[in-house]
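A short worksheet on the structure shown next.
The values are calculated or read from the model by the stated rules, or taken from the named source; none is laboratory data. This one's a predicted model, so the numbers in the text were calculated from it and none came from an experiment. Keep in mind that these areas ignore ligands, DNA and RNA; they rest on the heavy atoms of the full protein, side chains included. Shrake-Rupley method; radii C 1.70, N 1.55, O 1.52, S 1.80 Å.
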Amino acid sequence: MAFMTRKLWDLEQQVKAQTDEILSKDQKIAALEDLVQTLRPHPAEATLQRQEELETMCVQLQRQVREMERFLSDYGLQWVGEPMDQEDSESKTVSEHGERDWMTAKKFWKPGDS
């Protein structure tokens, strides 16, 4: 009988220790989940940040284009661009080795005009 009482008491102590350990781990998990939520950027904030980055890049590129046009005008030149259908024509010019042949691309050299 004493043996069974001792065994029962040991098991109760083991259950109590495991319960305390589980509660402690649950608290740690809850704290870590809160930390993850705090550190995780909200989708709306990320979208807003990306939009701001794109707007900043757009302003920088517009400024660069104005500077380039100003540079050209200093030499009496004007950027006229080219039609949208011709912009991709240089990538279509391919040599027999499968590489883009930049010498015959319409942007750089026109053999018929030479």
**Q.** Exposure of S73 as accessible area (Å², to 10), given a probe of 1.4 Å and all protein chains
**A.** 70 Å²
Q) What accessible surface, in Å², does a 1.4 Å probe find on T56, ignoring ligands, DNA and RNA and rounding to the nearest 10? A) 70 Å²
Q) Once the whole set of protein chains is in place, how much accessible area is left on V80, using a 1.4 Å probe, in Å² to the nearest 10? A) 130 Å²
Q: Determine the gain in length on full extension of the stretch L61-E33; use 0.36 nm per residue of separation and subtract their C-alpha separation, reporting nm with one decimal.
A: 5.9 nm
**Q.** Contour minus Cα-Cα distance for D26 and Q13 (0.36 nm per residue)
**A.** 2.7 nm
